[in-house]
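Some notes on the structure that comes next.
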Amino acid sequence: MKPAVLICRAVFPDIIDRLREHFEVETNEADVVWTQPELIAHLQGKAGVFITGTQPIDTALLADCPELRAVCSMAVGYNNIDVPACTARGVLVSNAPDVLTETTADFGFALMMAAARRITESEHFLRSGAWTKWTVNAFAGADVHGATLGVLGMGRIGQAIARRGALGFGMPVLYHNRSRLDAATEAALGARWVDKETLLRDSDHLVIVVPYSAASHHLVGAAEIALMKTSATLTNIARGGIVDDAALARALREHRIAAAGLDVFEGEPAVHPELLTLPNVVLTPHIASASLPTRRAMANLAVDNLLAALGVGPQKGKPPTALNPGVLA
Ligand code: DGY
C-alpha cells in the first residue's frame, strides 16, 4: 500500500498529481483553514504533510500524529514549525528558500515605493471622484532614488532588496543584521553595517526582512519608531509581530513617520483596526511572494522535499532544502 500524505491547502492540480504518482493523497480543495484539532484529525495515518507558512506544527500535534515522518512547507519562513521538536521525533522538516527571493524583493521594493510616493492614497482620492484640478503639491511624497535605504535583516531577500536600491536607484544602503556580511559582499551590494539605532536614525526608507522568532517579537516598537526621521517610511514584508502594529498605527496617525507599507500583520488575517483607517499606510494581504511562477516554484520545491524525505524520486533520501537533514541519516 502507498504511504498517505496530506496537502493542507488548495494547490495547483499538477502539484497534487506529482504526489499522487507515489502516495495516497488527501487534499483540501475547498481550502478550509482547519483548526488545530481538525488538522490533527486529517493527519491521522499520514506519513507526510505539505503545509504553508500558517499551520502550526508543535509538540502537541507531533504527539498526536505518531506516523508523521515529514513536514514540508512551501514557505521560506518556518516560525510556525517547532523544528527541534520535529528533530527529536525524527520528523524531517523542509522550507522553501531561494525560489522566492527575487519576487519577494520586487514586492518589498514596490511596497516601499508605494508608501514613499503615496500611490494607493492618491489612487483612492482619484477613484473617490475628489480630483478636480492638478495641484502643485498634491500627494507630494518622498524620493526613493538617492535616498538612504535601510535594511533590517540581511539574508537572501534583504540582499536582493539592497541590490535593487544600490544598483537601480542609486541609494546608499545601510543594514543591520546579527552577523555582518563579508567585505566582498558588502562592497558588491554597496551596503554598510550599522548598529540598529543608527539604522533607524539614518534611513529614509526602512525595509524589514528579519525572520520571526521570540527574539524578533516587537523588534520595532514605539521606542524604535521614535528614533526614525519624521520623513521616513517603514516597510514590513517579513512577518507580523516583528513590528508592534499598535505603536506603528499611533506613529502614523501622529505623523511621527511619513508612511508605511505592510504586507504582514500581527494576528493576520486580522489587521489592527486603526491601520485600516489611516491614509498613510499601504496594506496588502501577505502577497510578497505571490507571482504565479514563484508560487508554483515554492509548491514544487515542497513536493521535491516530500518525495525525497519519504524515499522516492531522484533526490530520494536527500531533501534539497531540509532544515534538519540529520534525521534521515
Ligand atoms: C514565506 O514563504 O515565508 C512567505 O511569507 C509566505 O508564507
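The values are calculated or read from the model by the stated rules, or taken from the named source; none is laboratory data. Small disclaimer: the values here were computed from a predicted structure and weren't measured. We place every Cβ from the backbone using ideal geometry, glycine too, and count neighbours over all the protein chains shown. Keep in mind that these areas ignore ligands, DNA and RNA; they rest on the heavy atoms of the full protein, side chains included. Shrake-Rupley method; radii C 1.70, N 1.55, O 1.52, S 1.80 Å.
Toward the positive end of the charge dipole of the stretch 101-283, with +1 on the Cβ of Lys and Arg and -1 on the Cβ of Asp and Glu, the farthest Cα among Ala160, Ser179, Phe265 is that of Ala160. Dipole check for the stretch 101-283: with +1 at the C-beta of Lys and Arg, -1 at the C-beta of Asp and Glu, and the Cα centre as origin, the magnitude is about 280 Debye. Note on Ala4/Leu292: beta-carbon distance plugged into 1/(1 + (r/R0)^6) with R0 of 25 Å gives a FRET efficiency of 0.30. If you plug the beta carbon distance of Glu268 and Thr135 into 1/(1 + (r/R0)^6) with R0 = 51 Å, you get a FRET efficiency near 0.90.
Which of Val32, Leu19, Gln55 sits farthest toward the positive end of the charge dipole of the stretch 1-74, with +1 on the Cβ of Lys and Arg and -1 on the Cβ of Asp and Glu? Highest projection toward the positive end goes to Leu19. Among the lysines, select those whose C-alpha is under 19 Å from the C-alpha of Lys46, and discard any that sit fewer than 8 residues away in the same chain. Leaving aside lysines fewer than 8 places away in the same chain, those within reach of Lys46 are Lys2, Lys316. Ranked by the mean number of other Cβ atoms within 10 Å per residue, highest first, peptides 215-222, 241-248, 202-209 order as 202-209, 241-248, 215-222.
Applying 0.36 nm per residue to the separation of Ala222 and Thr198 and subtracting their alpha-carbon distance, the gain on full extension is 7.0 nm.
With contacts taken as Cα pairs under 8 Å and at least 6 residues apart, the stretch 136-199 reaches a relative contact order of 34 percent. When the chain is treated as a GNM with alpha-carbon contacts under 10 Å, the residue of Ala130, Ala85, Ala270 showing the greatest mean-square fluctuation is Ala130. What is the Cα centroid distance between the stretch 29-58 and the stretch 278-329, reported in whole angstrom? Between the Cα centres of the stretch 29-58 and the stretch 278-329 lies a distance of 16 Å. Rolling a 1.4 angstrom probe over the stretch 101-283 with all protein chains present gives an accessible area of which 57% lies on carbon and sulfur atoms. Where a ≥ b ≥ c are the square roots of the eigenvalues of the C-alpha gyration tensor, would you call the stretch 10-56 rounded, which needs a/c under 1.5, or, failing that, prolate if a/b is larger than b/c, or oblate? Judged from the Cα gyration tensor, the stretch 10-56 comes out oblate (a/c at least 1.5, b/c at or above a/b). Once the chain from Arg156 to Arg127 is taken as fully extended at 0.36 nm per residue, the excess over their C-alpha distance is 6.7 nm.
For the stretch 101-283, with the dipole built from +1 on Lys and Arg beta-carbon atoms and -1 on Asp and Glu ones, taken about the Cα centre, which of Ala142, Leu234, Leu189 lies farthest toward the positive end? It is Ala142. Cα gyration tensor of the chain, axes a ≥ b ≥ c as square roots of the eigenvalues: rounded (a/c below 1.5), prolate (a/b > b/c) or oblate? Here the chain falls in the prolate category. The sum of -39500 (n - 2.57) across all DSSP H runs of n ≥ 4, divided by the residue count of the chain, sets its helix-only mean residue ellipticity at 222 nm to -9500 deg cm²/dmol. Across the protein chains, with a 1.4 Å probe defining accessible surface, the residues Ser128, Ser94 rank Ser128, Ser94 from largest area downward.
In a simple Cβ point-charge model (Lys, Arg +1; Asp, Glu -1; nothing else charged), the chain has a dipole of about 560 debye relative to its Cα centre. This model, with +1 at the C-beta of Lys and Arg and -1 at the C-beta of Asp and Glu, gives the stretch 40-177 a dipole about its Cα centre of some 320 debye. The residues of the stretch 55-171 expose, per residue, 47 Å² of accessible area to a 1.4 Å probe. Summing +1 for each Lys or Arg and -1 for each Asp or Glu among the other residues whose beta-carbon sits under 14 angstrom from that of Gln315 gives +2. Put a dot 7 Å past the Cα of Lys316, heading toward its Cβ, do the same for Ser231, and the two dots end up 6.3 nm apart.
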